[in-house]
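Please read the structure below before turning to the comments.
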Amino acid sequence: MRFCGLVFDIGDTLFDATVWRRWLAARLRLLGAPITPDQLVQRWEALLVDVYRGRADYWRRFGELLASMGIRGQRARELTRQARARGHEVQTCRVLFDGVRQTLVELRDAGARLAALSDTESTAADVRRSLADLGIVGCFHAVVSSADIGCVKPQRRAYEAAADALGLPVAACAFVGHDADELAGAMSAGMFAIAYNHDPRARADLYLDDFRQLKDLARLPVGGIPAERPAGG
């Protein structure tokens, strides 16, 4: 294989992470703050950068998000209470995308080294517990959390930290993700970029329609991975 390490984003790559935000966007619209789930993601992610670096509190930033849309006082407190409860419910009901568990097992058994690279307010130990709940923690040789390393994707250091955790050079690793900026960051850092469940605008070296297509990587000869782009890309 061209690489022997695979670095995975978690949310929206291994499972659907949009449930809570779609719920929140709907609640905000009911409170008179018209916003689409995509617009919410852009605004919320901008506020979360320092949270993911371990420099700000998640729920304090949530209050800032609500205030930016004119939701304050009792309305904000009630929505925060609901959001906490809904978030806990969503976390306990997450379901992996089709083929994820078996594909990870086959890649691991084929000799690939696998890492999870998460932008999160949680420590790597907490991320490991979440992966254990999903039944896949044993597939990963390393778990890297932004809260522990103090940087987030698409910063180069985030990808380097994942490669370091696998004991591999960056060029020997591929990044599997969905976010356009994070895929671009991986390529800029020197990783092969594999897009799955991706943004329409995402640029990558390889595009997957089905997660199970990753199993083909274990059967490719050295240098045998093609650089493919959608028609017109």
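The values are calculated or read from the model by the stated rules, or taken from the named source; none is laboratory data. Here the structure is a predicted model, which is why all the values come from computation and not from measurement. Ideal geometry is used to build each Cβ from the backbone, glycine not excepted, and the neighbour counts take in all protein chains shown.
With respect to Pro154, is the statement that it is surrounded by fewer than 24 Cβ atoms within 10 Å (Cβ to Cβ), under 26 Å from Asp50 (Cβ atoms) and touching a helix residue (DSSP H, G or I) at 6+ places or on another chain (Cβ under 9 Å) true?
yes
Cβ-Cβ below 9 Å, separation at least six or inter-chain, first residue in region 64-88 and touching a residue at least 40 places away in the same chain (Cβ under 8 Å), second exposed (fewer than 11 other Cβ atoms within 10 Å of the Cβ) and of a type in the set (Phe, Trp, Tyr): which pairs?
Listed pairs, sorted by first residue: none to list.
Here's the yes/no breakdown for (1) under 24 Å from Arg157 (Cα atoms); (2) loosely packed, with under 15 Cβ neighbours inside 10 Å:
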| site | (1), (2) |
| --- | --- |
| Thr13 | yes, no |
| Arg21 | no, no |
| Ala26 | no, yes |
| Leu40 | no, no |
| Tyr52 | yes, no |
| Arg61 | no, no |
| Glu64 | no, yes |
| Met69 | no, no |
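In region 133-151, how many residues are surrounded by fewer than 20 Cβ atoms within 10 Å (Cβ to Cβ), touching a helix residue (DSSP H, G or I) at 6+ places or on another chain (Cβ under 7 Å) and touching a residue at least 60 places away in the same chain (Cβ under 8 Å)?
Number of matching residues: 2.
Just wondering, is there one or more residues in region 114-124 that are assigned by TED's automatic domain parsing to the domain that holds Glu182, under 23 Å from Glu182 (Cβ atoms), touching a residue at least 12 places away in the same chain (Cβ under 8 Å) and acidic (Asp, Glu)?
Yes; the residues of region 114-124 include at least one that is assigned by TED's automatic domain parsing to the domain that holds Glu182, under 23 Å from Glu182 (Cβ atoms), touching a residue at least 12 places away in the same chain (Cβ under 8 Å) and acidic (Asp, Glu).
Count, please, the residues in region 126-147 that happen to be farther than 18 Å from Glu182 by Cβ and assigned to a helix (DSSP H, G or I).
Number satisfying all stated conditions: 10.
Within the group Gly63, Gly70, which residue is part of a loop (DSSP other than H, G, I, E, B), assigned by TED's automatic domain parsing to the domain that holds Ala25 and either hydroxyl-bearing (Ser, Thr, Tyr) or under 19 Å from Leu47 (Cβ atoms) (or both)?
Gly70
In region 77-125, how many are assigned to a loop (DSSP other than H, G, I, E, B) and in contact with a strand residue (DSSP E or B) (Cβ under 8 Å, 6 or more places away or on another chain)?
Within region 77-125, residues that are assigned to a loop (DSSP other than H, G, I, E, B) and in contact with a strand residue (DSSP E or B) (Cβ under 8 Å, 6 or more places away or on another chain) number 7.
Output the qualifying pairs, or none if there are none: Cβ atoms under 8 angstrom, residues six or more apart or on different chains, first residue in region 23-37 and within 16 Å of Ala85 (Cβ to Cβ), second residue basic (Lys, Arg).
Taking only residues 6 or more apart or on different chains, the pairs are Trp23/Arg86; Leu24/Arg86.
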